[in-house]
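Presented below is the structure to which this report refers.
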Protein chains: 2
Amino acid sequence: METLSIGQYDLIYNAFSFGFATLAAATLFFWLGIGQVKPQYKTALIVTGLVTFIAAYHYFRIGQSWSDAYTLADGTYVPTEKVFNAAYRYVDWLLTVPLLLVELILVMSLTRSETVSRATSLGLAALLMVALGYPGEVSDSGSMRWIFGLLSMIPFLWIVYQLYSGLGKAIENQPENARGLVRLARNVTVGSWCFYPVVYFAGAVGLEGATATVIVEVGYTIADIIAKAGFGVLIFLIAMRKSEDVADRNASTVPAE
Amino acid sequence: METLSIGQYDLIYNAFSFGFATLAAATLFFWLGIGQVKPQYKTALIVTGLVTFIAAYHYFRIGQSWSDAYTLADGTYVPTEKVFNAAYRYVDWLLTVPLLLVELILVMSLTRSETVSRATSLGLAALLMVALGYPGEVSDSGSMRWIFGLLSMIPFLWIVYQLYSGLGKAIENQPENARGLVRLARNVTVGSWCFYPVVYFAGAVGLEGATATVIVEVGYTIADIIAKAGFGVLIFLIAMRKSEDVADRNASTVPAE
């Protein structure tokens with residue numbers, strides 16, 4: 001770990017606090033909305049809230065670990081003996097990244113067998129992707145970061161391929177009023193996930209220590225908020241829109257909006 | 001207690017945090033799903049969430065006790081005066097292990113008298129199993145660990161016998177769409193419980209200190225997650241499947257998806 005200026009330390013600390021507040025609020029938003037959607041979409045909202053709940057817990061712990069990892073001396077923050085616990089992020093991703101794919105699959109209301117098979121294969125690929133990234137993240141060697149980062153890209157690219165090929169057809173079969181949103185949710189998944197390797201490799205291209213720390217920690221925090229809370233809002237909107245659709249059909253004498 | 005490397009200490013610390021996050025998220029998942037199942041399965045989901053709630057509480061305490069039990073000195077973690085409280089696990093198991101069997105019995109919707117008699121006999125056997133293991137766990141003597149470990153195996157084997165003989169018949173009488181899942185839940189119970197004696201006796205076969213600590217703590221954590229959260233997901237799926245079955249029968253004019 002390297003010495004940080006007060007501004008650098010505070011920026012990261014505040015990013016963690018912002019992450020906790022956003023993810024905790026998103027959790028409550030998704031769960032309080034469960035009563036508003038049709039039964040077949042309730043599990044999707046429960047899982048969406050689980051993802052942000054797990055992430056909020058980890059941001060709380062990450063904030064504590066950050067406080068313990070530095071001490072103020074002569075106007076700069078110097079590392080203490082307690083190293084900042086980067087593993088919290090990976091433990092979080094191990095749980096939440098497969099669940100993010102499960103959310104998307106659940107809100108699409110595929111057949112039971114397709115739901116199970118796609119959730120299993122995409123979930124396992126996501127687990128592998130996260131697990132392969134960890135050895136590079138904790139290594140001090142830039143080449144280890146490259147090797148494990150590139151290995152981790154293999155399951156990532158497979159997931160992207162699945163989201164556009166296999167799941168692409170299912171997306172085109174979504175009800176018309178939700179199709180655009182499901183497509184957007186799929187694109188936000190891929191787009192926000194692309195941010196992680198950029199941050200990851202920022203630690204491998206020889207950026208200066210303190211600047212690299214700021215980029216990595218703030219970058220991951222922004223990516224987590226978009227990929228979990230932002231993506232979750234899309235899942236919520238899809239569930240609402242599809243619930244509305246059924247209601248409209250049942251009450252066909254009432255003109256559609 | 002023995003000196004641990006930073007990697008060993010962190011691995012155990014992160015396993016405890018992962019255990020807390022998984023069990024807390026599982027609790028909320030089960031309880032938020034209560035509204036989705038038929039009334040006769042609600043108690044099964046309430047109990048399923050109780051088990052993971054109790055376990056999440058204990059993992060939170062175990063994590064704190066772990067932090068207090070070691071201090072960083074010259075790059076290694078050395079034990080403090082405060083010994084790590086292994087009793088949290090046994091207190092947890094005293095409550096949760098009988099309840100795990102109750103979950104399985106409740107979701108099977110047996111007759112009231114069979115539910116009461118099986119829950120009582122299996123619950124008491126589980127209590128005895130956990131209570132007999134404790135004196136061996138806290139003893140420094142390998143032979144004490146063997147004696148109490150083997151005594152604890154007697155109620156364990158009786159439970160396994162009951163799950164396959166007495167309860168086996170009831171499982172074959174489950175509705176067809178849930179039978180495979182109930183059978184799987186029974187097998188996961190026995191399979192995941194077999195992991196505990198393996199970890200327990202790892203402390204008796206003379207493994208080296210620090211390595212044994214890592215195996216015991218990480219091993220118990222993985223076993224707890226599978227036996228409580230993983231098993232709970234199966235109970236949830238059984239309750240959902242059986243609720244669906246009733247709904248389908250009541251609305252037989254509506255074609256199945």
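Throughout, read-outs are computed from the coordinates displayed, never taken from laboratory work. What you are looking at is a predicted structure, and each value in this text was computed from that prediction instead of being measured. Positions of Cβ are generated from backbone atoms using ideal geometry, with glycine treated the same way; all protein chains shown enter the neighbour counts.
Observations on the model:
- Each helix, a run of at least 4 DSSP H residues, gives -39500 (n - 2.57); summed and divided by the residues of the protein assembly as shown, these come to -27000 deg cm²/dmol at 222 nm.
- D by Stokes-Einstein for chain B, Kirkwood Rh over Cα pairs, 25 °C, 0.890 mPa s: 126 µm²/s.
- With label points defined 7 Å past Cα in the direction of Cβ, position A:Leu150 shows copy-to-copy spacings of 5.6 nm, given to one decimal and shortest first.
- Close Lys pairs in segment B:4-246 (alpha-carbon distance under 21 Å; sequence gap of 8 or more, or different chains): 5.
- Ellipsoid semi-axes in whole angstrom, largest first, where each is sqrt(5λ) of the Cα gyration tensor of the protein assembly as shown: 38, 36, 18
- Listing A:Val116, B:Val216 from fewest to most neighbouring C-beta atoms within 10 Å gives A:Val116, B:Val216.
- 3J(HN,Hα) along segment A:39-48: x, 5, 10, 5, 4, 4, 6, 4, 5, 4 Hz, from the Karplus curve 6.51 cos²θ - 1.76 cosθ + 1.60 with θ = phi - 60°, whole Hz, x for Gly and Pro.
- Between 0 and 90 degrees, the angle of helix B:87-107 with respect to the longest Cα principal axis of chain B falls at about 10 degrees.
- Chain B residue nearest by beta-carbon to the axis mapping B to A, with distance in Å: B:Gly35, 7.
- Computed across segment A:95-228, the Kirkwood radius stands at 15.8 Å (inverse of mean 1/r, all Cα pairs).
- Counting neighbouring beta carbons within 10 Å and listing from fewest to most, the residues A:Leu110, B:Leu234 come out as A:Leu110, B:Leu234.
- With respect to chain B, whose longest principal axis is taken over its alpha-carbon atoms, helix B:112-138 is tilted by about 10°.
- Helix axis angle, A:231-250 relative to chain A longest principal axis, alpha carbon, degrees: 10 degrees
- At 7 Å out from Cα toward Cβ: B:Ala202 inter-copy label distances (nm, ascending): 3.8
- Rough spin-label spacing in nm, given labels placed 7 Å along Cα→Cβ, for A:Val138 and A:Lys169: 4.2 nm
- Between the residues A:Val214, A:Leu32, B:Val83, the greatest Cα displacement towards the positive end of the dipole of the protein assembly as shown, with unit charges on the Cβ of Lys, Arg, Asp and Glu, is found for A:Leu32.
- What separates the Cα centres of segment B:78-106 and segment B:162-193 is a distance of 25 Å.
- Sequence of A:Asp74, A:Asp68, B:Asp92 once ranked by neighbouring C-beta atoms within 10 Å, starting from the fewest: A:Asp74, A:Asp68, B:Asp92
- Percentage relative contact order, segment B:14-115, counting C-alpha pairs under 8 Å, at least six apart: 30 percent
- Shortest first, B:Tyr90 label-point distances to identical copies amount to 3.4 nm, with the label point at 7 Å from Cα along Cα→Cβ.
- Counting Cβ atoms of other protein chains within 10 Å of each residue's Cβ and taking the mean over peptide B:21-32 gives 5.
- Put a plus charge on the Cβ of each Lys and Arg, a minus charge on the Cβ of each Asp and Glu, and nothing anywhere else: the dipole of the protein assembly as shown about its Cα centre is then about 1960 debye.
- Amide H contacts of B:Thr71 (H built 1.01 Å from N, under 5 Å, at least 5 apart or other chain): B:Val78, B:Thr80
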